[in-house]
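Enquirer: The following block contains the structure, expressed as structure tokens.
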Amino acid sequence: MILLPGISQSQDTLICDNGGFEDGFTYYFGYRASFYSDGKGSSSCNPMLDSNLVTFSLSQMPDIHRYEIVSSGVDPVVNVSKTVFGSKSLMLNSVCSHTGNCIHFGEINRIEKRFLVTEENRNFTIWYSAILENPEDHTDQQPFFSIKCDLAVSSDLCFDGINFPAKEKTGGIITGCTPFDSLCYYESDTIKYSDWACHRILIPESKVGEIATLEINAADCAPGQHFGYVYIDGICEECDCNTPLN
């Protein structure tokens, strides 16, 4: 039997296990990296620093502003629902920084899940709602998010603030915050965001029996002070014909 790193034999998992994060971070691992300052690569979701691909390190979960399980409610920036199935979802990255205030410093946060490919689970969906700032002068250094599976033949999902085909609003004060309070955020840049949509992962039949890795990333902008984050929910839930598919 193939055992997945960090998971015991009794916990060997498939992709649909805990697909709505109702059991917290069970079966998931967190990683983080930085392309702060002169980093590039948001348009391809292959961030680089000093001309090298960034290096990810294993991270503790939960970690406020990086990896959080959130309950049903409304997002304070764009007023979309935080969940689409059940009462929980994953919030990856955040409007706030990782130092206690709301100034960002080019962090990239990732979750991964390794799973055994079966005939039943080789094609599945992931539901997401993403919120990205879109600073005008940050070409290839934008906030971004991506979804990929290493054994899939379907296209990776990869959007930064420039190429995200989403709704737009001008920035402002986070709901419930006092203007310019150190724990709040005020922004005049455009914010792009999506309602809940689903992304399809298609794995060929020839990969049944192999171990696949699902990887989801959300990142700030490289120069700092602009946020990108995503809610993830409903892994393996069905998409109807009227739901946007990316």
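Since every read-out is calculated from the coordinates, none of them should be taken as a lab result. These numbers were taken from a predicted model, which means no experiment stands behind them. Methodologically, a virtual Cβ is constructed for each residue, glycine included, from the backbone with ideal geometry; neighbour enumeration extends over all protein chains shown.
Enquirer: Give me the net charge for the shell around ASP63: Cβ to Cβ below 13 angstrom, other residues only, Lys and Arg +1, Asp and Glu -1.
Expert: Cβ neighbours under 13 Å give a net charge of +1.
Enquirer: Moving to a separate point now. Which whole-number value in Å³ per residue fits the convex hull of the alpha carbons of region 41-169?
Expert: Roughly 152 Å³ of hull volume per residue.
Enquirer: Sticking with this one: So what's the net charge close to GLU107: Lys and Arg +1, Asp and Glu -1, counting the other residues with Cβ under 9 Å from its Cβ? Let's see the in-between values first.
Expert: Details: positive: ARG32, ARG66; negative: ASP220.
Summing Lys/Arg as +1 and Asp/Glu as -1 gives +1.
Enquirer: How long is the gain from GLU22 to SER59 if the chain were fully straight, where each residue apart is worth 0.36 nm and the alpha carbon distance is subtracted?
Expert: Length gained, GLU22 through SER59: 11.3 nm.
Enquirer: Rank by packing, highest mean first: peptides 225-234, 22-31, with packing defined as the count of other Cβ atoms within 10 Å averaged across residues. Show your work: numbers first, answer last.
Expert: Numbers: 225-234: 25.0, 22-31: 16.9.
With the highest mean Cβ count within 10 Å placed first, the list reads 225-234, 22-31.
Enquirer: Along the Cα-to-C-beta direction of LYS167, a point sits 7 Å from the Cα; which residues of region 190-221 have their amide N less than 16 Å from that point?
Expert: Inside the label zone: 190-198.
Enquirer: Determine the sum of side-chain charges near THR125: Lys and Arg each +1, Asp and Glu each -1, restricted to other residues whose C-beta is under 9 angstrom from that of THR125.
Expert: Once positives and negatives cancel, what remains is -1.
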